[in-house]
Every structure is written in C-alpha cells, then in structure tokens.
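The values are calculated or read from the model by the stated rules, or taken from the named source; none is laboratory data. Quantities reported herein were computed from a predicted structural model and do not represent experimental measurements. Using ideal geometry, Cβ is built from the backbone for each residue, glycine included, and neighbour counts are taken over all protein chains shown.
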Amino acid sequence: MEQFFKNLSQKILSNVKSDEHVMLNFWGEDSHFTRFNQSKVRQNGFVSDTTLSITLISNQRTCSTSFSLTKNLDNDLSQSLEHFNSLRKDIVFLPEDPFIVFPKEGKSSSQKKSGNLLAIEDVVDSLSPAIKNVDLAGIWASGHIFVGYANSKGLFHWFSTDSYSFDYSLITETEKMVKDTFAGTEFNLDSYNSFMNNSIMQLKMLENTPMQLNPGDYRTYIAPAGVSDLLGMFSWNGLSEGAIRRGQSAFLKMKNDNAKLSPCFSLNEDFSTGLTPMFNDEGELTVTKLPLINDGILKNTLINSRTAKEYNIDSNFASGWEGLRSPVMATGDLNENNISQEIDKGVFLNNLHYLNWSDNIGGRITGMTRYACFWVENGEIVAPIENMRFDDTIYNIFGDNLESVTSHSQFIPDTGTYSSRSFGGTECPGILLNSFSLTL
Amino acid sequence: MENINLKSIFNQLKVNAEWFGVRKVRESNTYRMIRDGNPQANSTGISHGIMVEVLKNGQFAYAASSDMSTASIQEAIDRAIIIAESSSKNPLYNFSEDVRPSNKGNYRSDRSKTDLPLKEINNILFKSYESLKVSDKIVSASATARITETNYQFLSSSGAEIEQDFLIIGSSFDAVSQDKGITQRRTDNGRGRMFQSGYEVFDELELTSMCNKIGEQAVELLYADECPTETTNLVLAPDQMLLQIHESIGHPLEVDRILGDERNYAGWSFVREEDFGTLKYGSDIMNITFDPTIKKELASYGFDDSGKKAEKEYIIKDGVLLRGLGGTESEQRSGIKGVANFRACSWNRPPIDRMANLNLEPGDSSFDDIISGVEKGVYMESNRSWSIDDYRNKFQFGCEYGKLIENGKLTKTIKNPNYRGVTTPFWNNLTKVGDSSTFEVFGTPNCGKGEPNQSVRVGHASPTCLFSNIEVFGGA
C-alpha cells in the first residue's frame with residue numbers, strides 16, 4: 001500500500017504548477033469486525049476503505065477535498081486529477097487566509113509493522129471456546145490500518161500496522177461487569193485463553209449483593225482505565241493552545257493564573273512507544289517526548305502550526321485539533337498490591353463512563369462509574385456498588401485531592417472505530433484521591 | 001468509477017446464499033467556517049462505496065469496499081459468504097430473509113432553493129460573523145456552514161429496489177465573551193440547527209439577526225448571576241428538549257440495547273422487554289412519536305437500511321410505553337413491535353437500531369401559560385453539556401442560557417444553568433406541554449453508537465415543557 005501511495009502521489013504532484021502548493025493525506029483500513037452478544041456472534045463483516053485528501057494552496061488561499069479510492073492506480077489518478085482541478089476552480093472564490101500552513105521540505109519517514117493475525121474464517125472458532133460459559137458482549141477488530149503523507153516539496157511519510165483488539169465486557173447474572181481488552185499485533189491463542197481466564201476470575205468478585213451509596217465525597221481509587229478516560233477529556237477544550245487562546249479551555253487557570261495541579265501529577269506526549277504516527281496532517285514530525293505537565297506545573301500546551309501563526313508563537317507540531325495523540329502519565333510510588341489497604345474506607349473504581357465537561361472553564365467533569373466498582377472497608381473489598389454519577393474538577397482530581405499515584409502504569413489501547421480503527425492509546429497509572437464527589 | 005450501474009453489476013453477481021443485498025452510498029460533506037474574521041475551513045469530503053450483505057445458514061454477514069468494480073463486489077460477496085459460514089458455528093440468532101423486506105420506492109428531501117454559489121455562502125458567513133461581534137467583549141466568534149448530499153441505492157435478491165436522495169443543510173454560530181476573568185459562550189440553539197432542506201436556510205437577514213442576538217446574550221451572560229442550587233420548577237426550551245428526548249427516551253428504547261448488543265459500548269437500558277404496554281414512562285400528557293415524515297426534520301427518510309418503509313408510530317402514548325425503537329431484526333429477536341429504524345451511518349458500517357426522528361407531540365399550553373403558572377423556577381435554553389449512565393437513568397445536563405422565573409414572569413438572566421435527574425421520575429414530573437406555537441424542529445449529525453462505531457443523524461422536535469421538583473445548580 002505504501003508503494004501504491006508513492007506511485008499515486010508522485011503522479012498527482014507532477015501536475016502541481018509553480019504557483020501552487022499541495023499536500024496529500026492518505027489513510028484507510030482492511031478490517032474484520034466480529035461483534036459478540038451473550039458470547040455468540042451478533043454481527044460479522046469486513047470493511048476495505050481507502051481515502052485520499054488533497055489540500056491546494058495558491059495565492060494565499062487554501063481549500064481541500066477528500067474522496068474514496070478504489071486502489072486501482074489509473075482509476076484513482078483520473079479521479080484525483082478531476083478533484084484537483086475542481087479545487088483550482090473553487091479556490092479563486094475564497095478569501096485570503098493569513099494563517100496557512102505551507103508544505104515544507106524535510107526528512108521523510110516510513111514505519112511499518114506487520115503482525116500475525118487470525119484469518120477471518122478462524123476468528124469465531126478461536127475466540128468462542130474460552131467464553132462459552134460466560135455472558136460476553138464485545139467486538140473483535142483486526143486487520144491492517146495505514147496513514148501516509150506527501151507534499152509538493154518532496155516530503156513523504158508512511159505509517160502502517162497490523163493489529164487486533166478484542167474489547168469486551170463480561171456480565172454476571174446480577175448485571176455487574178468486568179471490562180477488558182486483549183490487543184496486540186501477534187495473536188497467540190494460549191495468551192488469549194489465559195487473558196480471558198483471568199477476566200473470568202475477576203467476575204467472582206462481583207457476585208456479592210451490590211451496595212447503593214449516598215451522594216457525597218468519598219476517598220477513592222481510580223484504576224488506569226478510568227484515569228485514561230479522565231485524561232481523554234484533556235483533548236476536548238483542554239490542552240489545546242487554540243482553545244486556551246479563545247477562552248475555551250479547562251486549563252485557562254493554569255495558563256493565565258498560574259494555578260497548579262498536584263506535584264504527583266506529570267503528563268507527556270511520548271511517541272517512543274511507536275504505536276502512533278509521529279507526523280501530523282501537515283507532515284510535521286513532533287519531538288519524541290513533549291512534557292505537558294511536570295509535577296503539577298503546566299509546561300507546554302499542544303500547539304499546531306496554524307495556531308502558532310495566528311498567535312505568533314512557536315509550533316510543537318500538534319495535530320490540527322490539538323488533542324493528545326500518545327499520552328503517557330508518570331507513575332508514582334503507590335504499591336498496586338496495597339490499594340485496598342490504602343483506601344481503607346472508600347470506593348475502588350475500575351472504569352468511568354460518558355464523561356463531559358459540566359463546566360469547561362471551571363475544569364469540572366461529570367460522568368458515571370461503570371463496570372467493576374467496589375466499596376472498600378477496613379482495607380478490604382466488601383461489595384460492588386451501584387453506578388454513581390460524579391461531578392468534580394480536574395483541579396481536585398489531579399490537584400488538591402490527589403494523594404498518590406501507582407508505581408506501575410498500564411497501556412489502555414484506543415479501540416475507537418469511528419470512521420476507521422484508531423492507532424495507539426494511553427499509558428497511565430491508577431490514582432488515589434482523598435476525596436471524590438459522587439452526586440447522584 | 002463514480003457512476004457505476006449498480007443494477008447491471010447486481011445482475012452479474014454469482015451468489016450461493018439464501019439472500020443477498022447491495023447498498024451503494026455516495027455522500028459529500030462540504031464544510032465552510034469563518035472564525036475571527038478569517039477563513040478556517042474550506043473542505044469537501046466524499047465517501048463512496050458499497051456494502052454487500054448475504055444471508056447464509058441463517059446468518060447475515062457483510063463486506064464493504066470503496067472499490068465498486070464488478071470484480072471487487074463479487075469478491076466482497078465471496079468474503080461475506082465465508083464470514084457468514086463462520087458465524088453459523090456460534091450464532092446468537094438464526095434469521096430468515098423476512099427481516100429484509102422487498103420494498104420498491106424512492107425518497108427525496110424537500111427543497112426550494114437547490115444551489116447557492118460558494119462565494120455567496122462565504123459572504124453570508126462573513127456577515128453572520130460580523131453580527132456576532134456585538135462588542136469588544138466578544139473575544140472569539142465563528143460562523144459555519146455544513147452541506148451534505150447523499151445518494152443511497154439498495155437492491156436485493158428478494159426484489160427490493162430503493163433509491164433515496166438527501167440534501168442536508170446545517171449551520172452553527174458561536175460567540176465567546178470574556179470580561180474580568182469570566183468566560184461565557186452562546187451558540188445558535190446549542191448547535192442543533194441542521195435540517196433536510198434546500199439552500200433557503202442561508203437567509204442573510206434571518207441569520208444576521210439571529211447572530212446579533214447570540215452575541216448580545218453572550219455578553220449578557222458575563223454579568224449574570226450564577227444559577228441557584230435548589231429543587232424547583234424547570235422550564236426547558238425545545239433546543240434543550242432535543243437532548244432530553246434523545247438521551248432519556250431515544251437510547252433506552254432502542255431495542256438492540258435492551259437485547260444487550262450494546263452492553264460493551266453505549267450501554268444497556270433500564271427498560272426491559274416486559275415493560276412494553278405497561279411501563280408508565282411519564283405523566284399522562286407525554287406523547288412520543290417516531291416520525292420520519294416531517295419534511296424538514298433531519299432524520300426523515302422513506303425506507304430504513306433493511307428496506308422497511310418508514311411510517312409514523314406512537315412510541316409512548318398518554319405516558320405509557322407502547323412500542324420499541326427496533327428494526328426488523330430486533331422485532332424478530334424480541335417480539336417487540338418496532339419501527340423502521342435499522343440504519344447505518346454509511347456504506348462501510350452495518351445497520352443497527354437507531355432512533356432517527358423522535359419527537360414530543362405538542363400539548364395545549366402557550367409559552368405564556370407555562371411561564372405565568374410558575375411562581376418560582378428556572379428556564380433553560382440550548383444544550384452545552386450532557387452525560388447519562390449506561391442504563392440511561394441518571395443524567396446531568398447543562399445549558400448555555402437561563403432565566404429565573406418569579407411570580408409568573410421571566411426575570412433575571414442566569415449563567416451556567418445545570419440540572420440532574422433520573423429518567424422515569426423526571427418524565428413523570430412533566431407538568432405542562434407547550435402547544436404547536438412553541439413546537440420547534442432540531443437535529444444533530446453526531447449520535448454515536450455501535451461496534452464498530454457509527455455516528456448518525458437524528459432529529460428531535462418538541463414544544464417548550466415544564467417539569468416540577470427538579471434539582472438545578474450552577475457552575476464550578
């Protein structure tokens with residue numbers, strides 16, 4: 001596929017006129033999706049989808065178009081040139097844009113990861129035996145995903161990977177759930193069976209009668225999957241420099257008023273894992289490690305080159321939407337084996353659900369507890385809890401109320417499949433809070 | 001490749017299955033945005049491809065491709081058959097072809113004005129942007145247009161032959177105000193303005209007047225009191241009812257959720273199969289319809305993706321739950337009467353149960369009747385925050401703009417208005433439903449659900465409503 005994009009891009013770019021600049025973005029997937037309910041197959045299918053986007057810059061104006069490809073070079077070249085010419089017709093009617101990010105020269109890159117994946121006809125046979133005695137709902141997603149970039153200055157980037165994920169929930173008869181994801185690039189049946197058995201063992205902890213908590217403030221541990229959800233909010237009107245400049249960020253207080261989070265909290269963009277492309281839609285390579293928050297102090301925000309031009313600052317080559325692409329939160333010194341004892345009396349939350357800013361500028365997030373969540377008393381798990389709504393600020397959760405951070409982190413893969421399967425994920429530890437506000 | 005003859009290809013396919021169908025979708029999305037006086041986006045995205053579905057050994061399987069050559073479609077068929085055969089080794093349910101009706105027909109969005117030059121759209125967006133900038137307290141403002149054109153064709157071995165054409169116009173306007181460390185934001189109806197319509201939506205006078213009001217209210221909010229924290233009467237405008245209906249009625253009544261398909265992602269439902277016909281969902285004045293026939297509403301259509309003809313149905317009548325939001329597959333699996341809502345977001349995703357247009361039918365109270373009958377309460381407009389649990393019970397929603405109601409009158413403006421509640425107690429506290437003069441139609445293109453994930457268009461229309469004994473509160 002890399003060679004196909006090279007051939008196609010070279011032919012398109014050979015048509016660029018001297019007063020034009022062009023950027024090409026290429027992405028797609030060949031993915032197998034098998035959906036399970038009650039540990040049986042609900043829906044099963046395959047998607048092959050490839051898209052090319054052309055961005056034209058001319059006379060200080062810009063416009064872009066994207067379209068589906070057939071992967072037949074002649075067909076795709078023909079329709080690409082047709083779309084390219086449409087852009088040329090449209091662009092003269094557009095106003096000048098002072099913040100255009102022009103294509104640059106630079107060092108090209110290519111990163112390819114091939115894997116060992118299950119054949120589509122083997123998925124049901126391979127996955128079903130381990131789950132036949134439990135109630136499982138979830139999705140198997142597997143195949144090849146790719147993204148490429150080329151521009152009229154000769155820069156070319158490629159990133160592709162084979163990968164699989166089995167994202168599932170195991171459900172007890174009392175409707176309590178364990179959530180987990182088995183993911184990787186090299187499928188191994190023994191590893192899968194072992195992983196699934198471990199999840200099934202966790203179900204036993206949920207068999208006790210659930211407790212209903214009253215709204216109030218509770219001493220709380222949030223496991224890495226839940227922390228990953230909280231950090232996910234930093235991508236929505238969070239660490240974006242553009243959002244901060246336009247007064248639409250939960251981090252305004254940190255940027256403008258020197259507000260601080262806990263010294264226990266540090267967060268980086270870290271591409272050293274190699275699971276996410278280091279180039280953005282403008283073909284710019286970011287640094288391998290960008291500190292965002294160090295010991296509770298805001299060090300960097302996410303700055304795209306367009307934002308940089310608009311506000312006359314330096315870019316750190318963030319994505320166009322200035323969201324986190326490869327977040328890694330620093331670990332602390334809380335021993336995972338002592339979490340219940342450290343909670344002593346309070347709440348153990350494995351997962352959170354449906355988070356949203358309830359007051360974006362105030363940094364307040366609301367959401368629900370979900371899946372394996374427990375009441376802890378005298379340092380022991382007593383019973384699962386009924387789901388509760390929380391409503392608390394990042395300045396409490398990662399600030400005043402953050403007591404400690406676990407010494408090990410966990411990689412939480414991004415299993416999102418809107419438009420296409422996602423790359424990468426979030427690496428983070430668990431957090432112990434001396435108070436967390438449950439409201440309903 | 002753009003203009004293939006689907007019927008000709010369909011007739012050449014060799015398929016060893018109980019049933020097969022081919023769905024071809026071409027959708028273009030044009031997006032134009034002006035922010036802070038400069039162009040921010042001028043883009044068009046075209047997604048074009050086919051999905052084949054086969055029924056083999058009682059199992060549906062799909063294969064989708066952006067390559068629409070005859071060879072590629074045949075390859076997709078062959079692959080789908082292999083997948084269906086593997087599913088039949090561990091199936092959840094054995095389907096018959098009855099769940100793919102053999103209807104023939106066409107649908108086309110209603111439209112008056114069929115085109116508007118790019119230059120004119122940009123001019124209107126610029127003028128709208130300028131109207132948002134009512135003072136130097138507006139620190140950022142944007143005006144956006146989104147135009148979607150979709151052509152959908154569906155053919156099946158049982159004789160279905162459907163073509164549908166949609167034209168969808170959306171706009172959004174946004175003003176951010178700041179003063180003395182306080183920031184507020186006001187939009188047009190919480191960005192719920194998306195309709196099946198022609199280019200007549202871009203009415204310069206109407207839009208600039210609306211933008212002027214948005215800008216003024218953004219500034220007004222800077223100096224407003226915080227929403228009080230209390231349990232009180234709550235009046236919701238139609239642009240917040242949109243979200244209230246969507247989250248606390250639409251999703252819990254989607255039958256695939258009730259059957260557990262979504263338990264790993266969007267969630268389950270507090271509603272159980274035995275609740276249909278008996279559950280008192282809301283007060284006696286609550287009447288909810290699935291209505292794909294309102295011309296302007298975003299998710300109107302002639303047929304769903306199974307080929308079922310779309311018709312208006314009462315879902316909740318006089319407060320009692322009657323019918324589920326389930327398509328033909330859910331009807332066969334559960335026995336619950338459903339509607340034509342088996343829908344996919346595009347050619348590259350399989351159909352699942354989606355709510356489409358879900359509306360609250362008008363009652364008999366004018367806006368003045370509602371407000372004048374409230375001694376103390378809060379009025380809220382335009383959604384800005386939403387969150388609800390996986391059973392669709394405990395919700396918390398926030399709005400952009402509020403007013404106190406005191407002694408039957410709207411008085412002070414309040415900022416950061418929020419409320420929370422639990423679904424059926426909340427709807428059973430529905431005290432007054434506005435009449436048709438208060439009824440407004442809205443829609444959003446961003447309803448997420450399904451594995452693999454899908455974002456679809458939904459429409460919601462509602463009058464203004466009064467709820468009693470609701471917990472309201474302000475910002476951080």
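I'm told B:S88 meets every condition in (1) more than 30 Å from A:W27 (Cα to Cα); (2) at the interface with chain A (Cβ under 9 Å from one of its Cβ atoms); (3) in contact (Cβ under 8 Å) with a residue 40 or more places away in the chain except one. Can you identify the failing condition by its number?
For B:S88, the exception is condition (3).
Got a sec? Which of A:V101, A:V123 is touching a helix residue (DSSP H, G or I) at 6+ places or on another chain (Cβ under 9 Å), more than 30 Å from B:N38 (Cα to Cα) and surrounded by 21 or more Cβ atoms within 10 Å (Cβ to Cβ)?
The unique qualifying residue is A:V123.
Given the condition on the phi > 0 side of the Ramachandran plot, part of a strand (DSSP E or B) and assigned by TED's automatic domain parsing to the domain that holds A:I222, answer yes or no: does some residue in segment A:346-360 qualify?
Checked against the condition, which is being on the phi > 0 side of the Ramachandran plot, part of a strand (DSSP E or B) and assigned by TED's automatic domain parsing to the domain that holds A:I222, segment A:346-360 yields at least one hit.
Tell me the helices (runs of 4 or more DSSP H) entirely within segment B:181-272 that contain at least 2 residues that are within 14 Å of chain A (Cβ to nearest Cβ) and more than 30 Å from A:R42 (Cβ to Cβ).
Qualifying helices (runs of 4 or more DSSP H): B:204-222.
Under 29 Å from A:L285 (Cβ atoms), away from chain B (no Cβ under 13 Å) and touching a Ser or Thr at 6+ places or on another chain (Cβ under 9 Å): which single residue out of A:K6, A:K71, A:K17, A:K107 fits that description? Walk me through how you get there before you give the answer.
Numbers: A:K6 fails: touching a Ser or Thr at 6+ places or on another chain (Cβ under 9 Å); A:K71 fails: away from chain B (no Cβ under 13 Å); A:K107 fails: touching a Ser or Thr at 6+ places or on another chain (Cβ under 9 Å).
From the options A:K6, A:K71, A:K17, A:K107, the qualifying one is A:K17.
Residue-wise test of (1) in a loop (DSSP other than H, G, I, E, B); (2) in contact with an Asp or Glu (Cβ under 7 Å, 6 or more places away or on another chain); (3) surrounded by fewer than 18 Cβ atoms within 10 Å (Cβ to Cβ).
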residue: B:I124; (1), (2), (3): no, yes, no
residue: B:K127; (1), (2), (3): no, yes, yes
residue: B:D136; (1), (2), (3): yes, no, yes
residue: B:S142; (1), (2), (3): no, yes, no
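Looking at segment A:161-195, which of the residues that are under 18 Å from A:A372 (Cβ atoms) and out of contact with any strand residue (DSSP E or B) (no Cβ under 7 Å at 6 or more places or on another chain) is modelled with the lowest pLDDT?
Only one residue tops the list, namely A:T174.
Could you list all residues from segment A:149-207 that are over 21 Å from the mean Cα position of the chain (by Cα), of a type in the set (F, W, Y), more than 30 Å from A:V22 (Cβ to Cβ) and outside any loop (DSSP other than H, G, I, E, B)?
Listed by number, the residues that qualify are A:Y192, A:F195.
Checking the condition within 14 Å of another protein chain (Cβ to nearest Cβ), touching a residue at least 60 places away in the same chain (Cβ under 8 Å), surrounded by fewer than 22 Cβ atoms within 10 Å (Cβ to Cβ) and in a strand (DSSP E or B), which residue from A:D30, A:D49 passes? Talk me through it step by step, then tell me what you get.
Details: A:D49 fails: surrounded by fewer than 22 Cβ atoms within 10 Å (Cβ to Cβ).
The match here is A:D30.
Got a number for residues in segment A:386-395 being surrounded by fewer than 22 Cβ atoms within 10 Å (Cβ to Cβ) and more than 9 Å from chain B (Cβ to nearest Cβ)?
Residues meeting the conditions: 1.
Kindly establish whether A:L117 is within 12 Å of chain B (Cβ to nearest Cβ) and out of contact with any Cys (no Cβ under 7 Å at 6 or more places or on another chain).
Working: within 12 Å of chain B (Cβ to nearest Cβ): no; out of contact with any Cys (no Cβ under 7 Å at 6 or more places or on another chain): yes.
It is false that A:L117 is within 12 Å of chain B (Cβ to nearest Cβ) and out of contact with any Cys (no Cβ under 7 Å at 6 or more places or on another chain).
Do we find that B:G45 is at positive phi and of a type in the set (G, A, S) in this structure?
Taking the combined requirement at face value, the residue does not satisfy it.
Is segment B:381-396 home to any residue that is over 17 Å from the mean Cα position of the chain (by Cα), surrounded by fewer than 24 Cβ atoms within 10 Å (Cβ to Cβ) and more than 30 Å from A:K179 (Cβ to Cβ)?
Yes.
From the set of residues in segment B:173-196 that are among the hydroxyl-bearing types (S, T, Y) and modelled with pLDDT of 95 or more, which is farthest from B:S112 (Cα to Cα)?
So the residue we want is B:S177.
At least 1 residues that are closer than 30 Å to B:I182 by Cβ, touching a residue at least 40 places away in the same chain (Cβ under 8 Å) and in contact with a Leu (Cβ under 8 Å, 6 or more places away or on another chain) in each: list the strands (runs of 3 or more DSSP E) lying fully within segment B:396-469 that qualify.
Answer list for segment B:396-469: B:409-415, B:418-422, B:440-449.
Checking B:I34 against (1) assigned to a loop (DSSP other than H, G, I, E, B); (2) modelled with pLDDT of 95 or more, only one condition comes out false. Which one?
Going through the list (1) assigned to a loop (DSSP other than H, G, I, E, B); (2) modelled with pLDDT of 95 or more, B:I34 breaks only (1).
Being of a type in the set (K, R) and crowded, with 21+ Cβ neighbours inside 10 Å is the filter here, so list the residues in segment A:326-376 that pass it.
Once the filter is applied, which keeps residues that are of a type in the set (K, R) and crowded, with 21+ Cβ neighbours inside 10 Å, segment A:326-376 yields A:R364, A:R370.
Is one or more of the residues making up segment B:327-338 within 19 Å of the chain's Cα centre (by Cα) and charged (D, E, K, R)?
Residues of segment B:327-338 within 19 Å of the chain's Cα centre (by Cα): B:327, B:338.
Then keep just the ones that are charged (D, E, K, R); that gives none.
The answer is no, given that none of the residues of segment B:327-338 is within 19 Å of the chain's Cα centre (by Cα) and charged (D, E, K, R).
Does any residue of segment B:49-64 turn out to be part of a helix (DSSP H, G or I), within 8 Å of another protein chain (Cβ to nearest Cβ) and of a type outside the set (D, E)?
No: segment B:49-64 contains no residue that is part of a helix (DSSP H, G or I), within 8 Å of another protein chain (Cβ to nearest Cβ) and of a type outside the set (D, E).
Could you go through segment A:230-241 and let me know if any residue there is at negative phi, touching a helix residue (DSSP H, G or I) at 6+ places or on another chain (Cβ under 6 Å) and not small (G, A, S).
Looking through segment A:230-241, at least one residue is at negative phi, touching a helix residue (DSSP H, G or I) at 6+ places or on another chain (Cβ under 6 Å) and not small (G, A, S).
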